[in-house]
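Undergrad: Pasting in a structure now, in C-alpha cells, and then I'll have a few things to ask.
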Amino acid sequence: MQNTRITFVLMDDMLATSATLPSEMLMAAQSAALMKHKTSNNPTPPPIQISTVSLTGESVLTRSGLRWQPDSALEDSSGSQLIYIPGLWRNPRPLIRKSQALLDWLEKEYQNGALISAVGTGCCFLAEAGLLDGKAATTHWHYFDQFQKDYPLVQLKRQYFITQAGNLYCAASVNSLADLTVHFIQRLFGKEIANHVERHFSHEIRRAYEASGFFEKEHNLHPDEDITQIQIWLQDNYHRDIVMAQLAEKFGMSTRTLNRRFKDAVGISPLDFLQEVRVNIAKDLLKTSNLSISEIVDKVGYQDVGFFTALFKKHLATTPMAYRETVRAKLFRAS
C-alpha cells in the first residue's frame, strides 16, 4: 500500500505549533485507524509518511527558540500529497525575498497535484508564488491590510478563518489550522477517525466550517444544478418534517432518480446529507445555547429524543449530553 506523503516546511522565526500540532493530530489519526483495524474487519488504513524540509536542509530557529533539524532540503523532496507551510511571527516579507527556491518548489508541487495548506502570514508564500491570483484566501488578521496591498489580485476573505480554492487552503490562525487538519484527516481516514481526533485535541474550541470557512466542500463540487438546489433547500428547511418521496416530487423526480442523482453528485444519499446538516446544527446549539436536549431535537426536525441520540452517537461517537458537557466545560469553569 502506497504511503501518503505529508511534508512540513520549516523556516526561521516560524511558529512551531503550526507544524507540531497538525503533525501530532495526523499521527493520532493513524494510530486510531490502526487500532480500529485490529479490532474490526476494517481494511488496513493508508500509511502516512511525515517529513520536514527547509530551504537548504540546515536547522531552523523557531520563534520559541526551539532549533529544529529537518529531514532534508527542498531540492531533495518531491511527490508530496499534502504540504504544510508554517505561520511566521510578524512581517514575512524579509524571508519571502530570500525564498525564491521555496516559491518555485511550491508551484511545482501544486502542479503535480499536491494539496497545500498555509497558516497566518505563511499564506503570503502562496500569494507570492502567484498561486492565489484570482482565488479566495485569508491570513492573520494583523496582516490583512498589508496582504491586500501586496497581493491585489487575491480575493482576501477577511471574515473567514479558513478558505479553500481547489487544492490551496489558507487558515488564519493555528486554531483554524487544527480545524483544517480535522478535514484532512477525514479525507484520509474517514469521519469516525476525524471525530476521534477532534474530540481528543480541540473539539471544545472548534467551529463548523459552515460558520468559519469560505470552503469549497466536496458536497458542493459537482455540476448537477438540480441537486445543488435540493441541497440548499434541505439546508434551509432542515427543521421541517421532510419525506424523501415528497422532496423528489417537489423537484420533479422519482424517489429512485433523486437518490441516484444525489448519490452520484454528492457521494451520500439525500437522507444522510439531511442528517449531517441536522447534527451540525445540533452541535452548535449544544455548544452555544441553554436549550434542553428535547428542545434541540425538536428544533432540528426530530420528535424522538432516543432516535436522535442514537443518530448523534453514530456521527460523533458520543451522546448529545456528553458532547455539551465537554465543549462547554471551559466556557463555564469558574475563574
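What follows draws every value from the coordinates through simple rules; no lab data is involved. What you see is a predicted model, and the numbers here were worked out from it, not measured in a lab. Cβ placement follows ideal geometry from the backbone for every residue including glycine, while neighbour counts extend to all protein chains displayed.
Undergrad: Strictly greater than 16 Å: what percent of every Cα pair in the stretch 222-328 meets that?
TA: 58 percent
Undergrad: Taking the convex hull of the Cα atoms, report for the stretch 1-105 its projected area averaged over all directions, in nm².
TA: So the mean shadow area of the Cα hull is 7.2 nm².
Undergrad: If you fit an axis through the alpha-carbon atoms of helix 305-316 and take the longest principal axis of the Cα set of the chain, what angle between them do you get, 0 to 90°, nearest 10?
TA: Its long axis makes an angle of about 20 degrees.
Undergrad: What is the mean projected area of the alpha carbon convex hull for the chain, to one decimal in square nanometres?
TA: Mean shadow area of the hull around the Cα atoms is 19.5 nm².
Undergrad: Let me ask something else about it. So how much slack lies between residue 158 and residue 235, counting 0.36 nm per residue of separation and subtracting their Cα-Cα distance, in nm? Working shown, then result.
TA: Details: separation 77, 0.36 × 77 = 27.72 nm, distance 2.45 nm.
That pair, residue 158 and residue 235, stretches by 25.3 nm at full extension.
Undergrad: Then there is this: For Cα pairs less than 8 Å apart in space and 6+ apart in sequence, what is the mean separation divided by the residue count of the stretch 222-328, i.e. the relative contact order in percent?
TA: Across the stretch 222-328, relative contact order equals 24 percent.
Undergrad: Ok, one more. Report the gain in length on full extension from residue 289 to residue 90: 0.36 nm times residue separation, minus Cα-Cα distance, nm rounded to one decimal.
TA: Net length gain for the segment: 68.0 nm.
Undergrad: Beyond 16 Å, how much of the Cα-Cα pair distribution for the stretch 59-109 remains, as a whole percent?
TA: 52 percent
Undergrad: What spacing in nm lies between the two simple spin-label points modelled at residue 319 and residue 228, each 7 Å away from Cα in the Cβ direction?
TA: Taking the simple label geometry, residue 319 and residue 228 are separated by 4.3 nm.
Undergrad: OK, next. Starting from the Cα of residue 263, step 7 Å along the direction of its Cβ; do the same at residue 249; then give the gap between the two resulting points in nm.
TA: Here the answer is 2.3 nm between the modelled labels.
Undergrad: Taking Cα pairs under 8 Å and at least six residues apart, what relative contact order does the chain come out at, in percent?
TA: 13 percent
Undergrad: Right, next: Report the label-to-label distance for residue 148 and residue 304 in nanometres (one decimal), using points 7 Å from each Cα along the Cα→Cβ vector.
TA: 5.2 nm
Undergrad: Next question. Can you tell me the 0 to 90 degree angle between the C-alpha axis of helix 255-266 and the longest principal axis of the chain, rounded to 10?
TA: Tilt relative to the chain: about 10 degrees.
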